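Chemist: Before I ask anything, here is the structure I am working with.
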Amino acid sequence: MHPVVIRVEKLTSAANIGGSGAHTWREMPTPNADPARTPLNEDWRDVRSSQALRQAVADRVELATEKAAPGARPVLALEYVITANALAFKEHGGKVDSGQYFRDALAWLEKRHGADNVVAVNIQRDERAPHMVAYVVPLVEVKAGKRKRSVIVGTNPDGTKRRETREYDTPAATRLSAQHYVGSREKLRKLQTDFAAQVGQQHGLGRGIEGSKAKHQTVKEWYAQAAQRGQHLTLTPDDLQPRVKKKGLIRSTYETPEEVAQRLTTAARTAYAPAVAGAKISHSERRRAAEMGKTAQGASKALKTAQQAAAEARMGQSEAIKAKNKAEAELQAYRSIFTDGLTPDQQQKLIALAHRTQDQNKQLIEQQRQARMTPEQREREAREEAAFKAELARVEREEQEPQNDQGQDYEKPGF
């Protein structure tokens, strides 16, 4: 059973919101998105750009009736990303209908936050796994009630202040509070559990392992890895020789056979990590990725066997070289699986062709639109374009300024 994937991120400034929106609506380069499939993306709210997102968030934030504490940095919006393993969806041979899954996920978000607070929803189908990005303003309606407060009512005979507890009425209020929804580990765990039970289960999806120690890979880290090219590992006789660990006047300390094996293992994993990552994101590499995984396991097992043999029998240098040669041969077989198919140049040519075709289509549509416009409309559009570029430049400047990542709850922000 594939697990559900639901992640939430706090956005604490207009620049954060604009940057996130620029990625969502492909206003900036998105290496893992296929431009030819970007027209398949859908918007389930009226918001369709980063600028419109900022305005929609600002409009909802203005509804907060409590004022911000001095110096507070509030969470203005929560960005939810909802998906599952690509192989779970019908697009890749699975059983999950992505459209129905996302409709049920949206209903869950609307029940959790209120439909009006879900200001933008974008369904992305131009990446390998379809997913939904939703932006939510975390407004909370606080009912009228009472609160207790200790007040000074006089002075005791010994000179100390006499206090008593009194109750005061508190009015109903609208508060901006991400803390209410995702303010603790327990709340985040409950979010995962509830979503899996109420949405994922009806689509054959389960909850991820609770308490898992696995670390999430950020989008930025994934892009950096995807941009790397695979490297071919080349071993020389010198690499197989034990290296000096500590040089002495009379006697030097050298690597043991186990340490030689460990060094070569690390070099092999480093060299082929980009190749494995590239296989995972290629549209035609599902079978090849599985084969590479099996071969990598075999190579790893062979190296581990060599290490164990070295520890048990203290094999000599010649025997260690033989073991490493065998491991190198298996690693060569692993490399050949990755290179058996599309070459990196061929992949780049396909990407370039898609970009050219898309640009040509955009130019044709723009020419047709321009032909239908009046001179007054062209002039108005030019003014709006200039205003947008000025605003974008301002956002980029804000983005470059150092910012505190820890969002705080607050009563009423200045947006």
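Chemist: Among the residues of the range 149-180 satisfying the criterion of being in a strand (DSSP E or B) and in contact (Cβ under 8 Å) with a residue 60 or more places away in the chain, which is farthest from His113 (Cα to Cα)? Show your work before the answer.
Modeler: So in the range 149-180, the residues in a strand (DSSP E or B) come out as 149-155, 161-170, 173-176.
Cutting the leftovers down to in contact (Cβ under 8 Å) with a residue 60 or more places away in the chain gives us 173-176.
Numbers: Ala173: 16, Thr174: 13, Arg175: 13, Leu176: 12 Å.
Here the residue is Ala173.
Chemist: Can you confirm whether the range 15-23 contains a residue that is under 15 Å from the mean Cα position of the chain (by Cα), within 25 Å of His203 (Cα to Cα) and either buried (at least 22 other Cβ atoms within 10 Å of the Cβ) or hydroxyl-bearing (Ser, Thr, Tyr) (or both)?
Modeler: Taking every residue of the range 15-23 in turn, none turns out to be under 15 Å from the mean Cα position of the chain (by Cα), within 25 Å of His203 (Cα to Cα) and either buried (at least 22 other Cβ atoms within 10 Å of the Cβ) or hydroxyl-bearing (Ser, Thr, Tyr) (or both).
Chemist: Additional query: Residue check: is Glu330 under 30 Å from Ala268 (Cβ atoms), modelled with pLDDT of 70 or more and surrounded by 11 or more Cβ atoms within 10 Å (Cβ to Cβ)? Can you show your working first?
Modeler: Working: under 30 Å from Ala268 (Cβ atoms): yes; modelled with pLDDT of 70 or more: yes; surrounded by 11 or more Cβ atoms within 10 Å (Cβ to Cβ): yes.
Spelling it out, Glu330 is indeed under 30 Å from Ala268 (Cβ atoms), modelled with pLDDT of 70 or more and surrounded by 11 or more Cβ atoms within 10 Å (Cβ to Cβ).
Chemist: Also, I was wondering about something else. Taking Val47 and the conditions (1) in a loop (DSSP other than H, G, I, E, B); (2) in contact with a helix residue (DSSP H, G or I) (Cβ under 8 Å, 6 or more places away or on another chain); (3) within 30 Å of Leu353 (Cα to Cα), which numbered condition does it fall short on, given that it satisfies the others?
Modeler: Val47 satisfies every listed condition except (3).
The values are calculated or read from the model by the stated rules, or taken from the named source; none is laboratory data. The structure displayed is predicted, hence computed values, not measured ones. For neighbour counting, all protein chains shown are included, and Cβ atoms are generated from backbone atoms with ideal geometry for every residue, glycine included.
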